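These notes are about the structure you will find just below.
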Amino acid sequence: MSATATGWETVVGLEVHCELATATKLFCACPNAFGAEPNTNVCPVCLGLPGSLPVLNERAVELAMRIGQALHCTVKPSIFHRKNYFYPDMPKDYQISQYDEPINVDGYLELPDGTRVGIERAHLEEDTGKTTHVGGGGRIHEATYSLVDYNRAGVPLVEIVAAPDIRSADAARAYVAELRAILVAIGASDARMEEGSLRVDANVSVRRPGEPFGTRCEVKNLNSLRSLGRAIEFEAQRQITLLERGEAVVQQTRHWDESDGRTHTLRSKEEAYDYRYFPEPDLVPVAPPGEWQDQVRALLPPLPADRRAHLAAVTGSTPAGVALVVERGLDGLVLAAVAAGADPERALTHAEHNLSMEGADRLDPAAFARLVAMEVAGELTATQAKAVLVDMVETGDPPDDIARARGFEAMGSDALTAAVDEAIAADPDAWASYCGGNEKAKGALVGRVMKATRGQADGKAVTALLEERRAAAPGPA
Amino acid sequence: MQPMADRITRDDVAHVAWLARLQLTEDELDRFTGQLGAVLDHAADVEALDVGDVPPTAHPLPLENVLRADTPRPGLDRDVVLGMAPSAEDGRFRVPPVLGEAP
């Protein structure tokens, strides 16, 4: 991006909130469900009614630990605080959160390209209710009143705070994509940005490389990876423009507006809230014993980084090279096909280029291996193999049946040789030109063979035969 | 009367009262500044002790890991809940216009 081109470095720190995939809320037994009728999942605890008391959800603690472990954090004894503020999205007028003693600290996340982003902490807290502003076209400042739904109030969240280790919009997107993949892989969250179960805030600053960090601005309202990238690039450029004009960056919270592609001032540091944090007297500390931590760790599935490393080793590729296949969840298919005898490189190529469709992960590995074998043996061309593969995913039929039904008969070498000789005879000009060293002329000859065989000839085999014929032909006088 | 009132100023008390959205009279500001000063004096007594080897007390109850199973239970009936509110609309609580985004 331009920020680096002009001698500036962008520094990004990300805060990600994810809703945990529990059956109930963090401190009460109300269902944790997205999309229910407003205020149908509420009780005295999450409505903050007098006399109600919170009781911590065991499963939420387990999922928080799982997130910490997947991010290589240390799980620590922790306590809850009250974060006090007045806003109708929390009926208690405070949010229960972890403050100076969070459950997970000091970890890292490794991106597919091998770089590491530090994780400062990953703590438990409760989500807020949902407010809708009515009147004034939905704009807050012009609203005539607001409506509140408390179904989401009290839903368990883990807030994951990364160190300011990210240096570009692309790296920020890669971080969130990887974090999302981890959260889904370990079953901690469905991590859907569009449904708000994964929410990202970005702290952005710029500096000359090697200098101390600049003043940062926090950007909110990032609802997609695209918004995240665009907002970081806009915000970095805004700050660079200010600094190059000799003006200062003012520390503030800014709101990303997807429609105009800009960030707008939300509040300055002077207006920053004083949350009067104090320990939550209604909850005792949570200090997961080592035994419990070990049990949770034992259930941790292989993480995307491990899966990439394994698939790369088996197929002779690199972790970055197999990232897309792992992201699609097709690494299991490729590994099983290789175990069934498939050529690893061909199997990987198909998974990457020809299996982006729904249901590809349910393909029978043995049938997939058989298809790869047919292709390697020259019974199918690459194009034919792709067509058969598409049918296999759709119908579940074996590759031999599909190839036969589609008329993809293996071309005998005699038939192929005859077709090549016919092409040479039919286009003596192209042949002479090709023999004279014009490689481009080969295309016309291959094209004739393909046309004559209705595309059933293998392009590589045709080329090989043409080269053989040329080598045997008498040289130019 | 206000022995160590410099531990907290009248302005501090006014600020804290504003954070808690409490409207205090001039007399109350004077009185609470004195009372809070006394509380801080007491805290200073404790602070003067060497408590280097005493672990911090997070909670007066000697308990930890009080947890419940993740089993859903139906909550309150929506009509009952909304019936307790001063105003409701469209299945939701109706509240006065909010100034600004959530913190």
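The values are calculated or read from the model by the stated rules, or taken from the named source; none is laboratory data. Small disclaimer: the values here were computed from a predicted structure and weren't measured. Quick reminder, even Gly has a Cβ in these numbers, built from the backbone with ideal geometry, and neighbours come from all protein chains shown. For accessibility, only protein heavy atoms count, side chains too; no ligands or nucleic acids. Shrake-Rupley method; radii C 1.70, N 1.55, O 1.52, S 1.80 Å.
Data for the structure
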{"read-out": "Within the stretch A:34-71: backbone nitrogen closer than 19 Å to the B:ASP77 label point (7 Å, Cα to C-beta)", "value": "A:37-45, A:47"}
{"read-out": "Heavy-atom surface of the stretch A:413-472, accessible at 1.4 Å and reported per residue (Å²)", "value": "57 Å²"}
{"read-out": "Projected-area average for the stretch B:5-47 over all orientations - Cα convex hull basis, square nanometres", "value": "2.9 nm²"}
{"read-out": "Estimated FRET transfer efficiency (B:ARG21, A:HIS353; beta-carbon r; R0 41 Å; 0.05)", "value": "0.10"}
{"read-out": "Separation of alpha-carbon centers, the stretch A:203-232 and the stretch A:415-448, rounded to whole Å", "value": "58 Å"}
{"read-out": "Projected-area mean, chain B, by convex hull of Cα positions, square nanometres", "value": "13.3 nm²"}
{"read-out": "Two-decimal Rg/Rh across the stretch A:37-127, once Rg and the Kirkwood Rh are taken from alpha-carbon atoms", "value": "1.07"}
{"read-out": "Euclidean distance between Cα centres, the stretch A:17-57 to the stretch A:344-403, Å", "value": "47 Å"}
{"read-out": "B:ARG10/A:SER268 FRET efficiency (R0 22 Å; Cβ-Cβ; nearest 0.05)", "value": "0.25"}
{"read-out": "Portion, in percent, of the accessible area of the stretch B:5-47 that falls on carbon or sulfur, probe 1.4 Å", "value": "56 percent"}
{"read-out": "Å² of accessible area per residue within chain B, as computed with a 1.4 Å probe and no ligands counted", "value": "75 Å²"}
{"read-out": "Accessible area expressed per residue, the stretch A:2-296, with surrounding protein chains retained (probe 1.4 Å, Å²)", "value": "40 Å²"}
{"read-out": "Translational D in µm²/s for chain A (Stokes-Einstein at 37 °C, 0.692 mPa s, Kirkwood Rh from C-alpha pairs)", "value": "123 µm²/s"}
{"read-out": "Estimated inter-spin distance, A:ASP421 and A:ASP106, nm [label 7 Å along Cα→Cβ]", "value": "7.8 nm"}
{"read-out": "Placed amide H near A:ARG262: partners under 5 Å, 5+ positions off or other chain", "value": "A:ASP257"}
{"read-out": "Portion, in percent, of the accessible area of chain A that falls on carbon or sulfur, probe 1.4 Å", "value": "50 percent"}
{"read-out": "Relative contact order [Cα under 8 Å, 6+ residues apart], the stretch A:340-477, whole percent", "value": "21 percent"}
{"read-out": "Table column - 3J(HN,Hα) (Hz), the stretch A:225-236, Karplus curve with 6.51, -1.76, 1.60, x for Gly and Pro", "value": "4, 5, 4, 4, x, 4, 5, 5, 5, 5, 5, 4"}
{"read-out": "Paramagnetic reach from A:ASP260 in the stretch A:200-233 [backbone N under 15 Å; point 7 Å along Cα→Cβ]", "value": "none"}
{"read-out": "Placed amide H near A:TYR94: partners under 5 Å, 5+ positions off or other chain", "value": "A:TYR85"}
{"read-out": "In order through the stretch A:6-11: 3J(HN,Hα) via Karplus (6.51 cos²θ - 1.76 cosθ + 1.60), integer Hz, x for Gly, Pro", "value": "9, x, 10, 10, 8, 10"}
{"read-out": "Percentage relative contact order, chain A, counting C-alpha pairs under 8 Å, at least six apart", "value": "14 percent"}
{"read-out": "Selected from B:GLY34, B:GLY52, B:GLY91 as most flexible by GNM, with chain B as the system and alpha-carbon contacts under 10 Å", "value": "B:GLY91"}
{"read-out": "Residues with amide H under 5 Å from that of A:ASP397, placed H, sequence gap 5 or more", "value": "none"}
{"read-out": "Neighbour net charge for A:ARG230 - beta-carbon separation under 13 angstrom, K R +1, D E -1", "value": "-2"}
{"read-out": "Area hidden from solvent between B and A (accessible, protein heavy atoms only, 1.4 Å, total, Å²)", "value": "4100 Å²"}
{"read-out": "From phi via Karplus (6.51, -1.76, 1.60), per-residue ³J(HN,Hα) for the stretch A:188-196 in Hz, x at Gly/Pro", "value": "7, 7, 7, 6, 9, 4, 5, 9, x"}
{"read-out": "Total lysine pairs whose alpha carbons fall under 26 Å of each other in the protein assembly as shown (8 or more apart, or interchain)", "value": "23"}
